[in-house]
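The structure appears below as structure tokens.
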Amino acid sequence: MGKMQRTKGAEFERAVVMTLKARGYDAKRNLDQTRDGGGDINLPAYLIECKRRAKISVYEWLEQAEKAAQEHQIPVVVARADHKDAIAILKWTDLLGMMDHAEIVEKPYDPMVAPDKAKGSI
């Protein structure tokens, strides 16, 4: 990887950290990840891998984040292609779990409308 690509990636990581900090998260870049492992940004519940590339390799990046994540973390890839908006990539089952949790927090639990595990598969 050339210097320009490393610079572009580091700038994107800093932008993601600044956005998270503006939203109240204690986020910082993991500058020792090459030596120590882990993702680009390590939050208590999320392991975030940042990718800023011309071409997107979603499954490879998600596998990288999954390997780096702790058992209690949801692996997420934040990626941005040239001239495109940033996107967040996570497994469908993780998104469903987050949505179910938000639904339970927002509304009292009603076992008659509890999410069906079978609905999580596509």
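The values are calculated or read from the model by the stated rules, or taken from the named source; none is laboratory data. For clarity, every value in this text was computed on a predicted model and none was experimentally measured. A quick note on method: Cβ atoms are made from the backbone with ideal geometry, for glycine too, and the neighbour counts reach across all protein chains shown. Side chains included, ligands, DNA and RNA excluded: accessible areas come from the protein's heavy atoms. Shrake-Rupley method; radii C 1.70, N 1.55, O 1.52, S 1.80 Å.
Quick check: anything in the stretch 13-28 farther than 15 Å from residue 91 by Cα, of a type in the set (S, T, N, Q) and in a loop (DSSP other than H, G, I, E, B)?
No, because not a single residue in the stretch 13-28 is farther than 15 Å from residue 91 by Cα, of a type in the set (S, T, N, Q) and in a loop (DSSP other than H, G, I, E, B).
Could you list, in sequence order, the residues of the stretch 95-119 that are modelled with pLDDT under 75 and of a type outside the set (A, V, I, L, M, F, W, C)?
Scanning the stretch 95-119 gives 103, 106, 107, 108, 109, 110, 111, 115, 116, 117, 119.
Out of the residues in the stretch 57-87 meeting the condition of being under 13 Å from residue 12 (Cβ atoms) and surrounded by fewer than 18 Cβ atoms within 10 Å (Cβ to Cβ), tell me which one is nearest to the chain's Cα centre (by Cα).
Restricting to residues being under 13 Å from residue 12 (Cβ atoms) and surrounded by fewer than 18 Cβ atoms within 10 Å (Cβ to Cβ), the top hit is 87.
What about residue 27, is it in contact with a helix residue (DSSP H, G or I) (Cβ under 8 Å, 6 or more places away or on another chain) and either acidic (Asp, Glu) or open to solvent by less than 40 Å² (accessible area, probe 1.4 Å) (or both)?
So residue 27 passes the test.
Which pairs turn up if I take residues in the stretch 6-28 that are in contact (Cβ under 8 Å) with a residue 40 or more places away in the chain and look for partners that are surrounded by 14 or more Cβ atoms within 10 Å (Cβ to Cβ) with beta carbon separation below 6 Å, at least 6 apart in sequence or on another chain?
The qualifying pairs are 8/52; 9/52; 12/50; 12/52; 16/50; 16/78.
Residue 92 fails exactly one of the following numbered conditions: (1) open to solvent by 70 Å² or more (accessible area, probe 1.4 Å); (2) under 21 Å from residue 20 (Cβ atoms); (3) out of contact with any strand residue (DSSP E or B) (no Cβ under 7 Å at 6 or more places or on another chain); (4) at pLDDT 80 or above. What is the number of that condition?
So the condition that residue 92 fails would be (2).
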